[in-house]
1. Looking at (1) part of a loop (DSSP other than H, G, I, E, B); (2) modelled with pLDDT of 85 or more, which one does residue 74 not meet, given that it meets all the others?
2. Check every one of the helices (runs of 4 or more DSSP H) wholly within region 9-68 and list those with 2 or more residues that are in contact (Cβ under 8 Å) with a residue 24 or more places away in the chain.
3. When you go through (1) surrounded by 10 or more Cβ atoms within 10 Å (Cβ to Cβ); (2) at pLDDT 85 or above; (3) more than 22 Å from the chain's Cα centre (by Cα) one by one for residue 59, which number turns out not to apply?
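The values are calculated or read from the model by the stated rules, or taken from the named source; none is laboratory data. These numbers were taken from a predicted model, which means no experiment stands behind them. Positions of Cβ are backbone-derived with ideal geometry, glycine not excepted, and every protein chain shown enters the neighbour counts.
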Amino acid sequence: MLTERPMHRVDAYEMVRRRTAEAGLKGKLGCHVFRATGITAYLEAGGTLENAQAMAAHESPRTTKLYDRTGDEITRDEVERINIQSELPLAPPTRCEGSAPLLSSICMRCEA
């Protein structure tokens with residue numbers, strides 16, 4: 001035990017927020033980031049979901065799975081699956097064939 005009194009969760013959260021800000025990290029990082037990082041590192045090292053659940057004291061493996069970030073990495077192969085067809089127009093037309101201005105994709109002149 002480091003002190004006679006346990007640290008309140010709000011104090012722990014504020015300490016983490018201060019330290020991450022001092023480190024120059026952007027965004028709202030809290031204590032649960034450490035849970036997610038620990039669970040993910042454990043699973044990436046070959047640990048089981050059931051043991052991660054027990055270490056995190058979760059009642060359900062579904063809760064533990066929420067902290068698992070192993071599937072968040074997108075590989076180059078996945079990005080290369082994107083197929084952009086060059087035949088598609090880059091922007092919708094702003095005038096109809098009769099040169100009437102379009103409003104919300106409806107030609108005010110020919111109502112097409």
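1. Answer for residue 74: the failing condition is (2).
2. 31-44
3. Here residue 59 clears every test but (1).
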